[in-house]
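Every read-out reported here was derived from the displayed coordinates using simple, explicitly stated rules and does not represent laboratory data. Just so it is clear, the structure is predicted and the values come from calculations on it, not from any experiment. Please note: Cβ atoms are built from the backbone with ideal geometry, for glycine as well, and neighbour counts cover all protein chains shown.
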Amino acid sequence: MMRQTPFYQNHLESNAKIVDFGGWALPINYGSQIKEHEAVRTSCGMFDVSHMLITDITGAESRKFIRYLISNDVAKLEKHGIGKALYSGLLNHDAGIIDDLIVYLMPFGYRLVTNAATEEKDMAWINNIAKQFEVKFVNRRDLAMLAVQGPLAIEKVITIRPHLSSALSNLKAFMAIEDHGCFYARTGYTGENGLEIMIPTTIASQFWNELLNNGVIPCGLGARDTLRLEAGMNLYGHDMDENFTPLDSGMDWVVDLSDETRDFIGKSNYIRLKTLAEYDIQVGLILNGRGVLREGQTIVVNNNNVGIITSGTFAPSLKLSVAIARVKSDTPDTVLVQIRDNLESAKVVKLPFIRNGKSLIN
Amino acid sequence: MYTNDMKFAETHEWIKIDGSNQVIVGITHHAQELLGDLVYLELPQVGKSVKARDTIGVVESVKAASDLYSPVSGKVIAVNDNAVQDPTLINSSAHTDGWLFKLELTDITELDKLLNAADYQKLIG
């Protein structure tokens with residue numbers, strides 16, 4: 001029996017093709033994932049992301065706890081104030097990546113947003129570490145979450161909440177505000193402008209319909225994946241997992257070592273590996289010919305296997321195939337990729353492929 | 001949708017008679033729906049000899065690659081270059097403009113082993 005989000009009926013009403021995503025009944029598309037992808041790049045789309053887990057952390061030692069728990073340092077949020085957000089890794093003692101997450105500074109402590117597929121694992125881990133601190137945490141399954149993304153996203157949300165016109169127009173990136181029980185964060189997983197909005201489940205369906213009636217296009221998991229890949233964003237379980245560290249997953253920027261007095265889980269092994277400097281690196285690939293790069297395809301240079309594709313797709317906005325790959329650090333600019341029986345040539349580039357809606361490749 | 005002038009393979013190819021010993025082959029509407037937006041197509045060379053159930057090409061959507069099989073034995077006499085240039089033709093017209101290749105048959109009795117429209121409809125439920 002699949003779990004349903006508060007938007008389940010909305011999906012059915014928009015002719016969603018429902019699939020089982022980690023135990024949740026979610027739309028893979030509503031007819032054409034390419035059309036949905038294009039809607040996000042040109043106007044505005046919305047994604048039900050209620051399967052992800054929102055966890056609120058309170059208690060006298062919540063700051064101390066979070067600073068120990070995650071790789072990035074929440075102390076940085078304080079100069080920006082309540083609502084400021086940070087992207088971070090949740091590492092194990094070997095610096096392996098348990099999950100990636102966003103953390104917000106809140107009036108009561110901190111709010112975490114973690115992946116759906118890792119819910120059980122993350123909660124068991126957090127539960128265990130929390131025993132050492134005076135903290136409480138609560139999963140907010142009373143909140144639905146909707147990602148509204150695209151160049152017109154903020155305008156569309158203002159249309160249905162005009163009293164927030166000034167607050168949303170002035171909302172900086174990675175910053176959030178609360179209003180009437182809803183939490184509006186200027187974050188996203190598409191490489192476009194937009195908001196991720198947490199909405200009480202009791203009014204979620206209605207919120208969706210208001211946006212739908214104002215021309216926002218429902219978008220499914222298929223489009224979500226092609227958008228985030230074009231934007232060079234990792235997908236947990238594919239581009240990284242517990243067998244890899246932030247160093248070989250393009251995430252060293254989420255490990256904050258600047259406060260030497262801060263100890264955090266995985267710190268010592270991370271520093272050891274960083275010093276050794278023997279790790280593989282994360283790169284982008286662009287297929288030179290026709291075809292599609294896919295996860296698991298090997299990368300070959302001079303008849304040697306130098307790496308593997310961790311996610312790949314056909315990029316609808318770029319109209320060619322791109323991938324995220326983990327390769328040896330001395331990999332040259334042109335490589336071969338094993339696609340079925342053939343070795344196809346691909347170009348190695350820095351991620352992302354698209355930033356602020358614009359292509360970065362020639 | 002699935003009409004009596006069509007026969008079907010369990011691998012979701014359709015086949016129509018196109019002349020005295022020739023057939024035209026494509027993938028079914030059901031198959032394109034399962035695959036989603038198609039982005040890449042690999043078809044056999046004209047002149048290639050194929051046997052029934054040989055893998056002769058690839059149909060790729062954004063999310064998955066799927067092998068293309070020849071439902072019957074024969075020689076490839078034409079391929080749909082329009083579909084190669086624009087695989088979405090298969091999404092919009094799988095049974096007509098989205099045809100994939102034409103074969104000159106080597107054994108017309110192989111057609112009897114394929115499913116008719118009613119049986120295919122039952123297969124896909």
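State to the nearest 20 debye the size of the charge dipole of segment A:218-354 about its Cα centre, where the only charges are +1 on K and R beta carbons and -1 on D and E beta carbons. Mind showing how you got there, number by number?
Numbers: 14 positive and 18 negative charges, 98 e Å.
Using Cβ point charges on Lys, Arg, Asp and Glu, segment A:218-354 gives about 480 debye.
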So the pair-distance distribution of the protein assembly as shown, from every Cα-Cα distance in 10 Å bins, comes to percents of 4, 18, 25, 24, 16, 9, 4, 1, 0
Residues whose modelled amide H sits under 5 Å from the amide H of A:K17, counting only those 5 or more places away in sequence or on another chain, are A:I28, A:N29, A:Y30, A:G31
Answer check: segment B:56-125, Cα atoms, Kirkwood Rh, Rg/Rh ratio of 0.99
Taking A:289-296, A:321-328 and ranking on average Cβ neighbours within 10 Å, highest first, one gets A:321-328, A:289-296
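Suppose every Lys and Arg Cβ carries +1 and every Asp and Glu Cβ carries -1, with no other charges. What dipole size does the protein assembly as shown come out with about its Cα centre, to the nearest 20 debye?
Working: 46 positive and 59 negative charges, 180 e Å.
The calculated dipole for the protein assembly as shown is roughly 860 debye.
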Using alpha carbon positions and the Kirkwood radius, the Rg to Rh ratio of segment A:3-91 is 1.11
With Rg from the Cα atoms and Rh as the Kirkwood inverse mean 1/r over Cα pairs, chain B has an Rg/Rh of 0.93
Among segment B:25-49, those whose backbone N falls under 12 Å of a label point 7 Å along Cα→Cβ from B:T106 are B:48-49
Given backbone amide H placed at 1.01 Å from N, residues whose amide H is under 5 Å from that of B:D18, ignoring those fewer than 5 places away on the same chain, are B:V23, B:I24
Taking placed amide H atoms and a strict 5 Å upper bound, the residues 5 or more places from B:V39 or on another chain that come that close are B:E60, B:S61, B:V62
Answer in debye to the nearest 20: the dipole magnitude of segment B:32-98 about its Cα centre, from +1 Lys/Arg and -1 Asp/Glu charges placed on Cβ, is 380 debye
Filtered hits (lysines, Cα-Cα < 23 Å from A:K274, offset >= 8 within chain) -> A:K76, A:K328, A:K350
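Run through segment A:53-97 and list the trypsin sites (Lys or Arg not before Pro) located in a DSSP loop whose Cβ has at most 10 other Cβ atoms within 10 Å. If you can, show how the numbers build up before the last one.
Values: sites: A:R63, A:K64, A:R67, A:K76, A:K79, A:K84; in loops: A:K79.
Listed in order of number, the matching sites are A:K79.
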Per residue of B:53-65, other chain Cβ atoms within 10 Å number on average 4
With the dipole of the protein assembly as shown defined by +1 on each Lys or Arg Cβ and -1 on each Asp or Glu Cβ, the option from A:A75, A:N304, A:I102 whose Cα lies farthest towards the positive pole is A:A75
Here FRET efficiency (C-beta to C-beta, A:N288 to A:H80, R₀ 45 Å, nearest 0.05) is 0.55
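Can you compute the equivalent ellipsoid semi-axes for segment A:210-362, i.e. the square root of 5 times each eigenvalue of the Cα gyration tensor, sorted largest first and rounded to whole Å?
Numbers: eigenvalues 156, 119, 31 Å².
The three semi-axes for segment A:210-362 are 28, 24, 12 Å.
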